[in-house]
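Beneath this line is the structure, given in structure tokens, with notes to follow.
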Amino acid sequence: MTSTEQNQTIWEGFSTRPKGCHRRSGTIDTVTYSLALLFYSGMRVIPVSWRVQFINKISMYLARFLQMTGVRSAQTIQENYSALFTKSDMRSIAVHQLLSLSVWNSLIFNSLSVLSWSEITNLAYIQGLTYLDDYLDKGYPVLIWSYHFGINPLIVAAILQAHGYPVHAISHVRQVPPTDAFIHRLYLSYLYRIGSRFSVIDPQEGIQLKMLDVFKNKECLYITPDYLLSEYQTQQLSVSSVASVSFLTRTVHLQTGGLRLAKRMNARVLIVFPTQIEACIRTLTLKPFELATSGFKPSDLQQDLQMCIELLEAEVLEHPYWWLDLKRRDLLKRLT
């Protein structure tokens, strides 16, 4: 995963600050981290057989409460939805469903260190595992592409790992940034424990060598290629590592990530779509993905990623209320 912006704080964005106020106060940060830690502590004492069912139920009620109180996340979703889609009659439904899904993602993410492996495997039904089994049985390394769509990408990686698959997810969750506040340090240390339980590759810990090891060992590298780069991020990267593609009639910039290395190592590519059928029935659908080219030039990678992003675009147009990036406050700036 190239970013965990939406992964790292359970209540991030749920402030009711006045519209136009962009300063995030230390008091609000302390409250959000405290709530996350309170939830985590509560999950440790809830009977194992009740935990996931409890999260399923509270997600729907809490989403309704957040929508009714007009929290910032709801406002952001509504504004982004109105700017990008024409189905205005679906806007209220989209806000509620995406809030519900976001709450579920956050609660599950903050429970990963206390959920049993059995509970994690049962978080979603999986379709298409035979493709992954076939590639691994034949000795191919596998590049698994997921999206910020439906189930949080890190949760998807955890589910696959809980099923026994050698999946290594790229994530910043193991980083513990310096902070003076005790509550902040306590919560961030908890995030580090999540990264220690699951196989995570931190981008700042020799990512290229670790990615190479994954492919050499014929295992799976899990990446979210749809992370939309900001103008600043684009400027910090070399031209050869950024691809510009068309998405929702706009131009977006994506990082090529491990694609070039995966192609050189003859890795097979799978797309996983994490979605939901009903309120509490979630599915992972794995499908083989044939790259558009066999080359390694920036133009070749651009064609490959264009095909990849077109699959996401089709899903977003049909089910915009599962697109987690609608919560991004800077989404429209990243869609140039």
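When the range 263-280 is limited to residues that are closer than 15 Å to L312 by Cβ and within 17 Å of the chain's Cα centre (by Cα), the one that is surrounded by the most Cβ atoms within 10 Å (Cβ to Cβ) turns out to be V272. Taking the numbered list (1) among the aromatic types (F, W, Y); (2) surrounded by 17 or more Cβ atoms within 10 Å (Cβ to Cβ); (3) out of contact with any strand residue (DSSP E or B) (no Cβ under 8 Å at 6 or more places or on another chain) in turn, F215 passes all entries but (3).
Is the range 306-325 home to any residue that is farther than 30 Å from H163 by Cα and of a type outside the set (D, E, K, R)? Yes - at least one qualifying residue is present in the range 306-325. Number of residues in the range 157-166 that are of a type outside the set (G, A, S) and either assigned to a loop (DSSP other than H, G, I, E, B) or touching a Leu at 6+ places or on another chain (Cβ under 6 Å) (or both) equals 4. Only a single criterion out of (1) outside any helix (DSSP H, G or I); (2) modelled with pLDDT of 80 or more; (3) more than 22 Å from the chain's Cα centre (by Cα) is not satisfied by C21, namely (2). Given the structure, is V71 of a type in the set (V, I, T) and touching a helix residue (DSSP H, G or I) at 6+ places or on another chain (Cβ under 7 Å)? Criteria not met by V71.
Report yes if some residue within the range 67-83 is over 18 Å from R329 (Cβ atoms), surrounded by fewer than 13 Cβ atoms within 10 Å (Cβ to Cβ) and not hydroxyl-bearing (S, T, Y); otherwise report no. Scanning the range 67-83, I find at least one residue that is over 18 Å from R329 (Cβ atoms), surrounded by fewer than 13 Cβ atoms within 10 Å (Cβ to Cβ) and not hydroxyl-bearing (S, T, Y), so the answer is yes.
Close contacts from the range 124-148, counting a first residue that is in contact (Cβ under 8 Å) with a residue 40 or more places away in the chain and more than 26 Å from S106 (Cβ to Cβ) and a second that is basic (K, R) and buried (at least 20 other Cβ atoms within 10 Å of the Cβ), with Cβ to Cβ under 8 Å and a gap of 6+ residues or different chains, come to Y135/R268; Y140/R268; P141/R268; V142/R268; L143/R268. D202 meets each of the listed conditions (1) surrounded by fewer than 19 Cβ atoms within 10 Å (Cβ to Cβ); (2) of a type outside the set (G, A, S); (3) touching a residue at least 60 places away in the same chain (Cβ under 8 Å); (4) in contact with a His (Cβ under 7 Å, 6 or more places away or on another chain) apart from (3). Just so you know, in the range 96-123 the residues that are among the aliphatic types (A, V, I, L, M) and touching a residue at least 60 places away in the same chain (Cβ under 8 Å) include one that is nearest to R329 (Cα to Cα), and it is L98. The set of residues from the range 143-155 being hydrophobic (A, V, I, L, M, F, W, C) and either under 23 Å from R260 (Cα atoms) or at pLDDT 95 or above (or both) comprises L143, I144, W145, L154. Candidates are the residues of the range 281-326 that are part of a loop (DSSP other than H, G, I, E, B) and among the aliphatic types (A, V, I, L, M); the one that is surrounded by the fewest Cβ atoms within 10 Å (Cβ to Cβ) is A292.
Against the list (1) in contact with a strand residue (DSSP E or B) (Cβ under 9 Å, 6 or more places away or on another chain); (2) modelled with pLDDT under 85, the condition V114 fails is (1). Does T249 satisfy the criteria of being closer than 30 Å to S92 by Cα, surrounded by fewer than 16 Cβ atoms within 10 Å (Cβ to Cβ) and either touching a residue at least 12 places away in the same chain (Cβ under 8 Å) or in contact with a Gly (Cβ under 9 Å, 6 or more places away or on another chain) (or both)? So T249 does not fit the description; no. When R260, R329 are screened for being in contact (Cβ under 8 Å) with a residue 60 or more places away in the chain and surrounded by 14 or more Cβ atoms within 10 Å (Cβ to Cβ), only R329 passes.
The values are calculated or read from the model by the stated rules, or taken from the named source; none is laboratory data. Nothing here was measured: the structure is a model prediction, and the numbers come from that model. Note that each Cβ is placed from the backbone with ideal geometry, even for glycine, and that neighbours are counted across all protein chains shown.
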